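The values are calculated or read from the model by the stated rules, or taken from the named source; none is laboratory data. Note that this is a predicted model, so its numbers are computed, not measured. Glycine gets a Cβ as well: all are built from the backbone with ideal geometry, and neighbour counts include every protein chain shown. Note: areas computed on protein heavy atoms with side chains; ligands, DNA, RNA excluded. Shrake-Rupley method; radii C 1.70, N 1.55, O 1.52, S 1.80 Å.
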Amino acid sequence: MMIKHLHTLIKHAHTNMRLLITGICIVTGLTACRQPRIFTPGELWLDNNGTHINAHGGGMLYCNGKYYWYGEHKIEGSAGNVANVGFHCYSSKDLCRWTDEGIVLKVEPEGSHSDIEKGAIMERPKVIYNKKTNKYVMWFHLEPKGIGYSGARSGLAVADAPTGPFTYVKSLRPNAGYLPANYTDELKSVPVSAKQQYSGGGLPQHPDSLNIVMRDYENGQMARDMTLFVDDDNKAYHIYASEDNSTLHIALLSDDYLSHTGTYFRLFTGRFMEAPAMFRRNGKYYLIMSGCTGWAPNAGRSAVAESIFGTWKELENPFRGNDADLSFHSQSTYILPVEGKHTQFIYMGDRWMPGNAIDGRYIWLPMRFEGDQPVIEWKDRWEL
Ligand code: DGJ
(Lines give C-alpha, C1' and ligand atoms only; values in the text may rest on other atoms or scores of the structure.)
Protein backbone atom coordinates (compact mmCIF):
# COMPACT_ATOMS: atom_id res chain seq x y z
CA MET A 1 0.00 0.00 0.00
CA MET A 2 2.80 2.38 1.09
CA ILE A 3 4.79 1.48 -2.00
CA LYS A 4 1.82 2.09 -4.26
CA HIS A 5 1.20 5.49 -2.63
CA LEU A 6 4.88 6.37 -3.02
CA HIS A 7 4.74 5.36 -6.64
CA THR A 8 1.72 7.64 -7.24
CA LEU A 9 3.48 10.56 -5.55
CA ILE A 10 6.60 10.08 -7.66
CA LYS A 11 4.48 9.78 -10.80
CA HIS A 12 2.63 13.04 -10.06
CA ALA A 13 5.82 14.87 -9.09
CA HIS A 14 7.35 13.75 -12.36
CA THR A 15 4.29 14.82 -14.34
CA ASN A 16 4.04 18.18 -12.62
CA MET A 17 7.72 18.83 -13.24
CA ARG A 18 7.16 18.03 -16.90
CA LEU A 19 4.23 20.47 -17.09
CA LEU A 20 6.33 23.10 -15.35
CA ILE A 21 9.18 22.63 -17.80
CA THR A 22 6.92 22.89 -20.83
CA GLY A 23 5.24 25.91 -19.24
CA ILE A 24 1.79 24.45 -19.88
CA CYS A 25 0.27 25.23 -16.52
CA ILE A 26 0.92 26.40 -13.01
CA VAL A 27 1.78 23.47 -10.81
CA THR A 28 -0.16 22.95 -7.61
CA GLY A 29 1.01 19.42 -6.92
CA LEU A 30 -2.58 18.17 -6.86
CA THR A 31 -4.82 16.69 -9.50
CA ALA A 32 -8.57 17.19 -9.83
CA CYS A 33 -9.41 13.55 -9.32
CA ARG A 34 -7.70 11.10 -7.04
CA GLN A 35 -8.65 7.49 -6.79
CA PRO A 36 -11.07 6.12 -5.89
CA ARG A 37 -13.41 8.62 -7.49
CA ILE A 38 -12.29 11.55 -5.36
CA PHE A 39 -12.70 14.85 -7.15
CA THR A 40 -10.78 18.01 -6.24
CA PRO A 41 -12.44 20.77 -8.31
CA GLY A 42 -10.21 23.40 -9.85
CA GLU A 43 -6.96 21.42 -9.53
CA LEU A 44 -5.04 20.04 -12.47
CA TRP A 45 -6.74 16.95 -13.88
CA LEU A 46 -4.27 14.61 -15.52
CA ASP A 47 -5.18 12.14 -18.24
CA ASN A 48 -3.57 8.73 -18.83
CA ASN A 49 -0.52 10.48 -20.33
CA GLY A 50 -0.07 12.76 -17.33
CA THR A 51 -1.30 15.81 -19.25
CA HIS A 52 -3.96 18.23 -17.97
CA ILE A 53 -7.25 17.31 -19.68
CA ASN A 54 -7.96 19.64 -22.59
CA ALA A 55 -11.74 19.53 -23.15
CA HIS A 56 -13.27 22.89 -22.24
CA GLY A 57 -16.91 23.89 -22.66
CA GLY A 58 -17.47 20.15 -22.72
CA GLY A 59 -20.29 17.69 -22.88
CA MET A 60 -20.64 14.03 -22.05
CA LEU A 61 -21.98 10.95 -23.79
CA TYR A 62 -22.49 7.62 -22.01
CA CYS A 63 -22.20 4.69 -24.36
CA ASN A 64 -21.49 0.94 -23.91
CA GLY A 65 -20.25 1.25 -20.35
CA LYS A 66 -18.01 4.26 -20.98
CA TYR A 67 -18.29 7.99 -20.60
CA TYR A 68 -16.99 10.12 -23.46
CA TRP A 69 -16.02 13.71 -22.65
CA TYR A 70 -15.88 16.08 -25.65
CA GLY A 71 -14.58 19.62 -25.37
CA GLU A 72 -12.65 22.50 -26.88
CA HIS A 73 -8.92 21.84 -27.22
CA LYS A 74 -7.20 25.06 -26.12
CA ILE A 75 -3.63 26.19 -26.68
CA GLU A 76 -1.42 28.44 -24.57
CA GLY A 77 -1.96 32.18 -24.20
CA SER A 78 -4.93 34.25 -25.29
CA ALA A 79 -4.52 32.74 -28.78
CA GLY A 80 -6.19 29.69 -27.24
CA ASN A 81 -9.53 31.46 -27.12
CA VAL A 82 -10.14 30.60 -30.76
CA ALA A 83 -9.96 27.16 -32.39
CA ASN A 84 -6.41 26.18 -33.31
CA VAL A 85 -6.69 22.41 -33.11
CA GLY A 86 -10.27 21.17 -32.82
CA PHE A 87 -12.39 19.17 -30.39
CA HIS A 88 -10.77 16.69 -28.02
CA CYS A 89 -12.31 13.50 -26.67
CA TYR A 90 -11.47 11.47 -23.55
CA SER A 91 -13.03 8.24 -22.31
CA SER A 92 -13.51 6.84 -18.83
CA LYS A 93 -15.33 4.05 -17.04
CA ASP A 94 -15.29 5.73 -13.63
CA LEU A 95 -15.49 9.49 -14.43
CA CYS A 96 -12.17 9.90 -12.67
CA ARG A 97 -9.41 8.34 -14.79
CA TRP A 98 -9.57 9.60 -18.37
CA THR A 99 -7.95 8.15 -21.47
CA ASP A 100 -6.95 10.52 -24.25
CA GLU A 101 -8.89 9.55 -27.41
CA GLY A 102 -7.36 12.38 -29.44
CA ILE A 103 -8.79 15.16 -31.56
CA VAL A 104 -12.09 13.94 -32.98
CA LEU A 105 -12.91 16.97 -35.14
CA LYS A 106 -9.89 18.79 -36.54
CA VAL A 107 -9.84 22.39 -37.73
CA GLU A 108 -9.07 22.84 -41.42
CA PRO A 109 -5.79 24.55 -42.40
CA GLU A 110 -5.50 28.33 -42.54
CA GLY A 111 -6.46 29.67 -45.95
CA SER A 112 -8.78 26.73 -46.67
CA HIS A 113 -11.79 29.07 -46.35
CA SER A 114 -13.61 26.27 -44.59
CA ASP A 115 -16.20 27.18 -41.92
CA ILE A 116 -13.95 25.37 -39.47
CA GLU A 117 -10.70 26.91 -40.64
CA LYS A 118 -8.01 27.36 -37.96
CA GLY A 119 -8.79 30.67 -36.21
CA ALA A 120 -12.57 30.21 -36.34
CA ILE A 121 -14.39 30.13 -32.99
CA MET A 122 -15.63 26.63 -32.19
CA GLU A 123 -17.21 26.20 -28.78
CA ARG A 124 -19.27 23.91 -26.57
CA PRO A 125 -19.39 20.69 -28.64
CA LYS A 126 -22.12 18.25 -27.61
CA VAL A 127 -22.49 14.73 -28.96
CA ILE A 128 -25.61 12.56 -28.98
CA TYR A 129 -26.18 9.06 -30.36
CA ASN A 130 -28.96 8.39 -32.82
CA LYS A 131 -30.33 4.86 -32.35
CA LYS A 132 -32.10 4.78 -35.74
CA THR A 133 -29.14 5.82 -37.88
CA ASN A 134 -26.42 4.44 -35.59
CA LYS A 135 -24.57 7.78 -35.96
CA TYR A 136 -22.87 9.98 -33.40
CA VAL A 137 -24.09 13.52 -34.00
CA MET A 138 -22.16 16.57 -32.84
CA TRP A 139 -23.54 20.12 -32.78
CA PHE A 140 -21.43 23.05 -31.67
CA HIS A 141 -21.31 26.84 -31.62
CA LEU A 142 -19.44 28.13 -34.66
CA GLU A 143 -18.19 31.59 -35.54
CA PRO A 144 -16.49 31.68 -38.93
CA LYS A 145 -13.01 33.19 -38.83
CA GLY A 146 -12.54 36.93 -38.58
CA ILE A 147 -16.02 38.14 -37.69
CA GLY A 148 -15.90 37.91 -33.92
CA TYR A 149 -19.10 36.53 -32.45
CA SER A 150 -21.43 38.04 -35.07
CA GLY A 151 -21.91 34.80 -37.04
CA ALA A 152 -23.88 33.07 -34.23
CA ARG A 153 -24.05 29.80 -36.18
CA SER A 154 -24.41 26.13 -35.31
CA GLY A 155 -21.95 23.59 -36.72
CA LEU A 156 -22.79 19.95 -37.39
CA ALA A 157 -20.44 16.97 -37.61
CA VAL A 158 -21.14 13.21 -37.72
CA ALA A 159 -19.21 10.04 -36.87
CA ASP A 160 -19.66 6.27 -36.91
CA ALA A 161 -17.99 5.78 -33.53
CA PRO A 162 -17.93 7.80 -30.31
CA THR A 163 -14.22 8.42 -30.72
CA GLY A 164 -14.72 9.69 -34.26
CA PRO A 165 -13.28 10.83 -36.48
CA PHE A 166 -16.16 13.29 -36.94
CA THR A 167 -16.82 14.59 -40.43
CA TYR A 168 -17.86 18.21 -40.67
CA VAL A 169 -21.22 18.50 -42.45
CA LYS A 170 -22.48 22.10 -42.47
CA SER A 171 -23.19 25.21 -40.47
CA LEU A 172 -26.43 27.12 -40.23
CA ARG A 173 -28.56 29.46 -38.27
CA PRO A 174 -31.45 27.38 -36.94
CA ASN A 175 -35.08 27.51 -37.96
CA ALA A 176 -34.88 29.85 -40.96
CA GLY A 177 -38.41 30.69 -42.14
CA TYR A 178 -40.09 29.68 -38.89
CA LEU A 179 -41.33 31.70 -35.95
CA PRO A 180 -41.23 30.46 -32.36
CA ALA A 181 -44.36 28.53 -31.45
CA ASN A 182 -44.96 30.96 -28.59
CA TYR A 183 -44.49 34.14 -30.65
CA THR A 184 -47.64 36.20 -30.16
CA ASP A 185 -49.42 38.23 -32.84
CA GLU A 186 -48.51 41.33 -30.83
CA LEU A 187 -44.79 40.48 -31.06
CA LYS A 188 -45.04 39.67 -34.76
CA SER A 189 -46.31 43.17 -35.46
CA VAL A 190 -43.38 44.99 -33.77
CA PRO A 191 -41.44 46.80 -36.54
CA VAL A 192 -37.95 45.55 -37.40
CA SER A 193 -35.01 47.95 -37.53
CA ALA A 194 -31.95 46.84 -39.46
CA LYS A 195 -29.68 48.49 -36.89
CA GLN A 196 -30.75 46.36 -33.94
CA GLN A 197 -27.75 44.76 -32.27
CA TYR A 198 -27.33 43.74 -28.66
CA SER A 199 -24.52 41.54 -27.43
CA GLY A 200 -25.08 41.62 -23.69
CA GLY A 201 -24.09 44.08 -21.03
CA GLY A 202 -26.84 46.47 -20.05
CA LEU A 203 -30.29 45.07 -20.65
CA PRO A 204 -32.43 46.97 -23.09
CA GLN A 205 -35.45 48.17 -21.19
CA HIS A 206 -37.80 46.12 -23.26
CA PRO A 207 -36.03 43.65 -25.55
CA ASP A 208 -39.28 42.78 -27.26
CA SER A 209 -39.29 46.25 -28.76
CA LEU A 210 -36.43 45.02 -31.00
CA ASN A 211 -38.06 42.11 -32.81
CA ILE A 212 -34.79 40.30 -33.45
CA VAL A 213 -36.75 37.14 -34.27
CA MET A 214 -38.38 38.87 -37.25
CA ARG A 215 -35.06 40.40 -38.28
CA ASP A 216 -33.56 36.90 -38.47
CA TYR A 217 -36.66 35.14 -39.80
CA GLU A 218 -35.34 34.56 -43.32
CA ASN A 219 -31.74 33.60 -42.56
CA GLY A 220 -32.32 31.77 -39.32
CA GLN A 221 -32.07 32.56 -35.65
CA MET A 222 -28.81 33.42 -33.91
CA ALA A 223 -27.36 30.51 -31.93
CA ARG A 224 -24.36 30.94 -29.62
CA ASP A 225 -23.85 29.05 -26.33
CA MET A 226 -25.65 25.75 -26.69
CA THR A 227 -26.37 22.28 -25.46
CA LEU A 228 -28.25 19.19 -26.67
CA PHE A 229 -30.75 17.10 -24.76
CA VAL A 230 -32.21 13.69 -25.68
CA ASP A 231 -35.50 12.87 -24.00
CA ASP A 232 -36.75 9.42 -22.96
CA ASP A 233 -38.72 9.16 -26.23
CA ASN A 234 -35.45 9.72 -28.18
CA LYS A 235 -36.53 13.15 -29.38
CA ALA A 236 -33.56 15.50 -29.33
CA TYR A 237 -33.50 19.23 -28.64
CA HIS A 238 -31.03 21.99 -29.39
CA ILE A 239 -31.00 24.65 -26.69
CA TYR A 240 -29.13 27.84 -27.59
CA ALA A 241 -28.68 31.48 -26.62
CA SER A 242 -30.42 33.52 -29.31
CA GLU A 243 -31.54 37.03 -30.28
CA ASP A 244 -28.16 38.61 -29.44
CA ASN A 245 -28.08 36.44 -26.32
CA SER A 246 -31.22 38.07 -24.91
CA THR A 247 -33.28 34.85 -24.98
CA LEU A 248 -32.85 31.10 -25.01
CA HIS A 249 -34.48 28.93 -27.69
CA ILE A 250 -35.41 25.27 -27.27
CA ALA A 251 -35.67 23.69 -30.73
CA LEU A 252 -36.79 20.20 -31.70
CA LEU A 253 -34.35 18.38 -34.01
CA SER A 254 -35.38 16.01 -36.79
CA ASP A 255 -35.53 12.26 -36.10
CA ASP A 256 -31.99 11.79 -37.44
CA TYR A 257 -30.79 14.77 -35.30
CA LEU A 258 -29.23 16.35 -38.41
CA SER A 259 -31.55 19.32 -38.89
CA HIS A 260 -34.06 21.56 -37.18
CA THR A 261 -37.78 20.98 -37.57
CA GLY A 262 -39.05 24.55 -37.28
CA THR A 263 -40.67 23.76 -33.94
CA TYR A 264 -39.12 25.93 -31.27
CA PHE A 265 -39.95 28.09 -28.28
CA ARG A 266 -38.27 31.23 -27.00
CA LEU A 267 -37.74 31.57 -23.27
CA PHE A 268 -36.44 33.94 -20.61
CA THR A 269 -36.97 37.08 -22.70
CA GLY A 270 -34.44 39.78 -21.83
CA ARG A 271 -32.65 37.61 -19.24
CA PHE A 272 -29.39 37.25 -21.26
CA MET A 273 -28.64 33.64 -20.34
CA GLU A 274 -25.59 31.72 -21.55
CA ALA A 275 -24.07 28.28 -20.96
CA PRO A 276 -27.31 26.24 -20.89
CA ALA A 277 -27.23 22.70 -19.49
CA MET A 278 -30.41 20.61 -19.38
CA PHE A 279 -31.33 17.49 -17.45
CA ARG A 280 -34.41 15.56 -16.42
CA ARG A 281 -35.19 14.40 -12.91
CA ASN A 282 -38.33 12.70 -11.59
CA GLY A 283 -40.15 13.59 -14.80
CA LYS A 284 -39.35 17.32 -14.61
CA TYR A 285 -36.99 19.27 -16.85
CA TYR A 286 -34.28 21.50 -15.43
CA LEU A 287 -31.94 24.09 -16.86
CA ILE A 288 -28.76 25.44 -15.28
CA MET A 289 -27.40 28.55 -16.98
CA SER A 290 -25.22 31.60 -16.42
CA GLY A 291 -25.56 35.31 -17.01
CA CYS A 292 -23.76 36.94 -19.89
CA THR A 293 -20.38 38.48 -18.97
CA GLY A 294 -17.86 37.11 -21.50
CA TRP A 295 -15.17 34.92 -19.92
CA ALA A 296 -15.76 36.43 -16.47
CA PRO A 297 -17.90 34.43 -14.04
CA ASN A 298 -21.27 35.58 -12.79
CA ALA A 299 -24.14 34.22 -10.69
CA GLY A 300 -25.73 31.00 -11.94
CA ARG A 301 -29.35 30.68 -13.00
CA SER A 302 -31.73 27.72 -12.78
CA ALA A 303 -35.21 26.88 -14.03
CA VAL A 304 -37.73 24.04 -13.96
CA ALA A 305 -40.61 22.93 -16.20
CA GLU A 306 -43.17 20.13 -16.28
CA SER A 307 -42.74 19.77 -20.04
CA ILE A 308 -39.79 20.61 -22.24
CA PHE A 309 -41.39 23.52 -24.06
CA GLY A 310 -42.56 25.01 -20.78
CA THR A 311 -43.94 26.82 -19.00
CA TRP A 312 -40.44 27.36 -17.59
CA LYS A 313 -40.22 28.81 -14.11
CA GLU A 314 -36.99 30.57 -13.25
CA LEU A 315 -35.62 29.51 -9.86
CA GLU A 316 -32.72 30.86 -7.80
CA ASN A 317 -28.99 30.92 -8.30
CA PRO A 318 -28.19 27.24 -7.60
CA PHE A 319 -24.79 28.08 -6.07
CA ARG A 320 -24.66 28.51 -2.29
CA GLY A 321 -21.98 29.88 0.01
CA ASN A 322 -18.84 31.95 -0.58
CA ASP A 323 -18.50 33.15 -4.16
CA ALA A 324 -21.94 31.81 -5.07
CA ASP A 325 -22.48 35.09 -6.94
CA LEU A 326 -19.55 34.02 -9.16
CA SER A 327 -20.66 30.38 -9.46
CA PHE A 328 -17.43 29.48 -7.62
CA HIS A 329 -15.52 31.13 -10.48
CA SER A 330 -17.03 28.80 -13.05
CA GLN A 331 -19.61 28.70 -15.82
CA SER A 332 -21.93 25.77 -16.50
CA THR A 333 -21.32 23.48 -19.45
CA TYR A 334 -23.15 20.21 -18.70
CA ILE A 335 -25.13 18.42 -16.01
CA LEU A 336 -24.11 14.80 -15.90
CA PRO A 337 -26.57 12.16 -14.72
CA VAL A 338 -24.43 9.47 -13.13
CA GLU A 339 -25.19 6.19 -14.88
CA GLY A 340 -27.12 3.73 -12.73
CA LYS A 341 -27.76 6.37 -10.02
CA HIS A 342 -30.90 8.11 -11.15
CA THR A 343 -30.82 10.69 -8.41
CA GLN A 344 -27.16 11.68 -8.69
CA PHE A 345 -26.23 14.60 -10.94
CA ILE A 346 -22.86 16.25 -11.34
CA TYR A 347 -22.47 19.94 -12.19
CA MET A 348 -19.74 20.35 -14.81
CA GLY A 349 -18.42 23.89 -15.12
CA ASP A 350 -15.46 25.67 -16.68
CA ARG A 351 -13.13 27.99 -14.85
CA TRP A 352 -11.96 29.92 -17.90
CA MET A 353 -8.42 31.30 -18.09
CA PRO A 354 -8.66 33.65 -21.07
CA GLY A 355 -5.04 34.87 -20.60
CA ASN A 356 -3.73 31.30 -20.90
CA ALA A 357 -6.66 29.32 -22.26
CA ILE A 358 -5.02 25.88 -21.94
CA ASP A 359 -4.89 26.31 -18.17
CA GLY A 360 -8.70 26.43 -17.84
CA ARG A 361 -9.87 24.26 -14.95
CA TYR A 362 -12.87 22.00 -14.46
CA ILE A 363 -15.28 22.53 -11.60
CA TRP A 364 -17.26 19.36 -11.04
CA LEU A 365 -19.54 19.32 -8.00
CA PRO A 366 -22.40 17.12 -6.83
CA MET A 367 -25.86 18.61 -7.04
CA ARG A 368 -28.60 18.21 -4.45
CA PHE A 369 -32.19 19.40 -4.44
CA GLU A 370 -34.39 21.37 -2.07
CA GLY A 371 -37.78 20.59 -3.57
CA ASP A 372 -37.37 21.72 -7.17
CA GLN A 373 -34.40 23.96 -6.44
CA PRO A 374 -31.03 22.52 -7.57
CA VAL A 375 -28.31 23.36 -5.04
CA ILE A 376 -24.56 23.30 -5.66
CA GLU A 377 -22.15 23.80 -2.76
CA TRP A 378 -18.39 24.13 -2.85
CA LYS A 379 -16.28 21.15 -1.82
CA ASP A 380 -12.48 21.08 -1.89
CA ARG A 381 -12.73 17.35 -2.40
CA TRP A 382 -15.58 14.94 -2.70
CA GLU A 383 -16.19 11.31 -3.49
CA LEU A 384 -18.72 9.85 -5.88
C1 DGJ B 1 -19.18 33.12 -22.62
C2 DGJ B 1 -19.51 31.82 -23.27
O3 DGJ B 1 -20.23 31.04 -22.37
C4 DGJ B 1 -18.24 31.13 -23.71
O5 DGJ B 1 -18.56 29.90 -24.29
C6 DGJ B 1 -17.53 32.04 -24.67
O7 DGJ B 1 -18.33 32.23 -25.79
C8 DGJ B 1 -17.26 33.37 -24.00
N9 DGJ B 1 -18.50 33.96 -23.54
C10 DGJ B 1 -16.56 34.34 -24.92
O11 DGJ B 1 -16.44 35.59 -24.33
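Brief remarks on what is shown
- Matching residues in segment 347-361 - criterion: being outside any loop (DSSP other than H, G, I, E, B) and closer than 14 Å to residue 73 by Cβ: 350, 357, 358, 359
- Among (1) within 18 Å of the chain's Cα centre (by Cα); (2) within 16 Å of the ligand (Cβ to nearest atom) - the single one residue 285 does not satisfy: (2)
- Some residue of segment 119-131 being more than 14 Å from the ligand (Cβ to nearest atom), closer than 26 Å to residue 244 by Cβ, in a loop (DSSP other than H, G, I, E, B) and open to solvent by 10 Å² or more (accessible area, probe 1.4 Å): yes
- Residue within segment 302-321 that is under 16 Å from the mean Cα position of the chain (by Cα) and either closer than 23 Å to residue 265 by Cβ or within 16 Å of the ligand (Cβ to nearest atom) (or both) present: yes
Yes or no, residue by residue, for (1) within 19 Å of the chain's Cα centre (by Cα); (2) more than 16 Å from the ligand (Cβ to nearest atom); (3) surrounded by fewer than 24 Cβ atoms within 10 Å (Cβ to Cβ):
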{"residue": "37", "(1), (2), (3)": "no, yes, yes"}
{"residue": "67", "(1), (2), (3)": "yes, yes, yes"}
{"residue": "80", "(1), (2), (3)": "yes, no, yes"}
{"residue": "83", "(1), (2), (3)": "yes, no, no"}
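- Members of segment 274-313 found to be among the acidic types (Asp, Glu) and either open to solvent by less than 50 Å² (accessible area, probe 1.4 Å) or in contact (Cβ under 8 Å) with a residue 40 or more places away in the chain (or both), listed by number: 274
- Residue 380 open to solvent by 10 Å² or more (accessible area, probe 1.4 Å) and either more than 28 Å from residue 74 (Cα to Cα) or aromatic (Phe, Trp, Tyr) (or both): no
- Qualifying positions in segment 314-346 - open to solvent by 50 Å² or more (accessible area, probe 1.4 Å), assigned to a strand (DSSP E or B) and under 26 Å from residue 54 (Cβ atoms): 337
- Check on residue 271, touching a residue at least 12 places away in the same chain (Cβ under 8 Å), of a type in the set (D, E, K, R), within 16 Å of the ligand (Cβ to nearest atom) and not in a loop (DSSP other than H, G, I, E, B): no
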